[in-house]
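The structure under discussion appears below in the form of structure tokens.
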Amino acid sequence: MVEFRDVSCVFGARKTLSAVNAALNPGETVAVIGKGGSGKTVLLNIASRIMRNFSGDVLIRHRPVQSYSRRDLYRAVTFLGMTPRNMEETVINFLLMARMPYKKLLNPFTEYDLQVVEENIDAFGLGPIRDEQLGMLSASAVQRVYCAFSFIRESYLLLMDNPTRDLDLESIVLLQKAMARYAFDGKRIVLFASNDLNFVAQTADRILVMEEGRIVLSGAYDIIEPEMVKKYFGVEVFISRNIFNGKPNIHYFPES
Amino acid sequence: MALVCGGTVAASLMYTHVSYLQISYYCIASLFSLVLVKLARADSGVRIDYVQSGEAWAGILGAMIVFFLISENRYVIFFSVWVSVVLYELYIHQLSRDRSSDRLMVGYAFGAMTVMAGLYLVLNGFGLENVSALLSGFCCSEHHGAWIIPALLLLFALLYAAERFFVHELLLYSQGEHFFLSGGFSYGKMKLLVLFVRSISAAVMISFSGVLAGVSALSIMLPEKRGFMRDAMTVLVVFSFINIAVLVMAFTEVLSVIAAVVVISYVLHFLGGRGTANG
């Protein structure tokens, strides 16, 4: 379980998180939505200990996030919050990096490490570009590589910030399947922030709506209603139902 | 490439006063250029415009010329160059992220400091004779102590083996602090280690082969190779370049060779390694 207990955070003169309380259970895929600046990314940064100046408690498997050693933390939590610096690296070498928290110094990667990498190369359709340099790939392919990296880590808590950014339609479907598989066995948690309401509606088991650093609404996909979108996003939408699973499809009207 | 390499060695032996011992010095310099290339790759996030960083190099070159003029003592030269290179490396790693105008001033300041240090030694009794030691690697004599060659070869072998053993850790380091921390390592300590090894390698290379640091950029322009072949190509190219410089020197004056080598190195770096727009 992952718990946020009265988590607050001040950034400069602004309070970016304000007494956030939430509990995430193993097997859940949870989405955080809200306007830009509502605190979505800050929440992920705190859960991954990238941001340390917060009050309250963040517990991962009943242990405060601060109590984890660096290596244990990166086994427990994955958050690809930064883009890689060396874009001359090949896709396969970059993906192997995801297994570093498990690798013993001077030992090669284990058979299992290589197997996990290969499985995710297949899952994200990266086979044809496995030996390409990151810098030579399209934005969509690079984002697919980043997604694969996150899944390869196999951590207890997978955090993703706007995972569909730059992804083409095929890649979005691949990501959706990968997310479903990841939490399916009830041992892991996915927490992602997104601005793509359609993706959120189709993917998340639970949705947390944030506004000005607070969680103002929580629930399953059925909380996505035109009134809610109007209230928290300031946009009028029409919502139909997906004919396969009954989940919301959000239609925007830019001219309105 | 091997033929070119062999040809330049043969020509050097035939048309100049170069001895086998000197050729072995060039080998060492070439090997250490490989360390520089690898570390440059590991530090690829720090991309400095070569023109902007040129002023620091110019200062170091000036200091080196002074040091080469003052003594034939290879060890004094090595440590003098090392200090200069450490200053340059600090400049690259720590200060280069400042505004470009600050960078320029810091570069000039370091350059001036090293030149002043050299001048101070000259004015305090170090002789100005021995112009032949201007390029210590090219002009070394038999009595310079051949023991240093196996010692440095051993050091290179250790560095190369370490690079092979820790290849994934180095790859992780090359991706920046966030990624390196994820392996459970200390980024600060690793950064200091890289700085140390890099400055040692640069000092060795410069001490033993003159002002050829920039030539490592040649490897960037080579056809894409992987693993050992790529390393071997880098070493052979630098080695050939040194031999060609020696050949040229046989027909002209030392200073014109220095000028030519510096210019060629800069142009190669400019063409092959320039990654950012000029500021």
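The values are calculated or read from the model by the stated rules, or taken from the named source; none is laboratory data. Every value quoted in this text rests on a predicted model; they were computed, and no experiment measured them. Positions of Cβ are backbone-derived with ideal geometry, glycine not excepted, and every protein chain shown enters the neighbour counts.
Structure above, values below:
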{"quantity": "Region A:207-243, residues that are of a type in the set (Lys, Arg) and touching a Cys at 6+ places or on another chain (Cβ under 9 Å)", "calculated": "none"}
{"quantity": "Flag if A:Leu158 is assigned to a strand (DSSP E or B) and crowded, with 20+ Cβ neighbours inside 10 Å", "calculated": "yes"}
{"quantity": "Answer residue from region A:83-98, given it is of a type in the set (S, T, N, Q) and more than 8 Å from chain B (Cβ to nearest Cβ) and is surrounded by the fewest Cβ atoms within 10 Å (Cβ to Cβ) among those", "calculated": "A:Thr83"}
{"quantity": "Conditions (1) more than 14 Å from chain B (Cβ to nearest Cβ); (2) assigned to a loop (DSSP other than H, G, I, E, B): number failed by A:Val116", "calculated": "(2)"}
{"quantity": "Yes/no for A:Ser67 being buried (at least 20 other Cβ atoms within 10 Å of the Cβ) and farther than 25 Å from A:Ala141 by Cα", "calculated": "no"}
{"quantity": "Selected residue (criterion: surrounded by the most Cβ atoms within 10 Å (Cβ to Cβ)) from residues of region A:40-64 that are among the polar types (S, T, N, Q) and within 13 Å of chain B (Cβ to nearest Cβ)", "calculated": "A:Ser48"}
{"quantity": "Single residue of A:Leu80, A:Leu73 found to be touching a strand residue (DSSP E or B) at 6+ places or on another chain (Cβ under 8 Å), closer than 21 Å to A:Asp161 by Cα, crowded, with 18+ Cβ neighbours inside 10 Å and within 10 Å of chain B (Cβ to nearest Cβ)", "calculated": "A:Leu80"}
{"quantity": "Criterion (within 13 Å of chain A (Cβ to nearest Cβ), aromatic (Phe, Trp, Tyr) and not in a helix (DSSP H, G or I)) met by exactly one of B:Phe185, B:Phe179", "calculated": "B:Phe185"}
{"quantity": "Of residues in region A:209-255 being of a type in the set (Asp, Glu) and assigned to a helix (DSSP H, G or I), the one farthest from the chain's Cα centre (by Cα)", "calculated": "A:Glu227"}
{"quantity": "Breaking point among (1) within 29 Å of A:Phe79 (Cβ to Cβ); (2) in contact with a helix residue (DSSP H, G or I) (Cβ under 7 Å, 6 or more places away or on another chain), for A:Ile223", "calculated": "(2)"}
{"quantity": "Identity of the residue in region A:119-129, surrounded by fewer than 16 Cβ atoms within 10 Å (Cβ to Cβ) and of a type outside the set (Gly, Ala, Ser), that ends up farthest from the other protein chains (Cβ to nearest Cβ)", "calculated": "A:Asp122"}
{"quantity": "Only listed residue being surrounded by fewer than 20 Cβ atoms within 10 Å (Cβ to Cβ) and more than 21 Å from A:Gln133 (Cα to Cα), chosen from A:Leu114, A:Leu105", "calculated": "A:Leu105"}
{"quantity": "Qualifying residue in region A:186-198 (condition: within 12 Å of the chain's Cα centre (by Cα), surrounded by 15 or more Cβ atoms within 10 Å (Cβ to Cβ) and free of Cβ contacts under 8 Å to residues at least 60 places away in the same chain)", "calculated": "no"}
{"quantity": "Region A:103-132, residues that are out of contact with any helix residue (DSSP H, G or I) (no Cβ under 8 Å at 6 or more places or on another chain) and over 27 Å from A:Asp72 (Cα atoms)", "calculated": "A:Asp122, A:Pro128"}
{"quantity": "Helices (runs of 4 or more DSSP H) wholly inside region A:1-111 that include at least 1 residues being over 24 Å from A:Met210 (Cβ atoms)", "calculated": "A:70-76, A:91-97"}
{"quantity": "Extreme residue, nearest to A:Ser8 (Cα to Cα), among residues of region A:217-236 that are hydrophobic (A, V, I, L, M, F, W, C) and without any contact (Cβ under 8 Å) to a residue 24 or more places away in the chain", "calculated": "A:Leu217"}
{"quantity": "The one condition in (1) under 20 Å from B:Gly183 (Cβ atoms); (2) at pLDDT 90 or above; (3) loosely packed, with under 14 Cβ neighbours inside 10 Å that A:Leu169 fails to fulfil", "calculated": "(1)"}
{"quantity": "Residues that are in contact (Cβ under 8 Å) with a residue 24 or more places away in the chain and at the interface with chain B (Cβ under 9 Å from one of its Cβ atoms), drawn from region A:101-113", "calculated": "A:Pro101"}
{"quantity": "Enumeration of residues in region A:65-111 that are at pLDDT 90 or above and among the polar types (S, T, N, Q)", "calculated": "A:Thr110"}
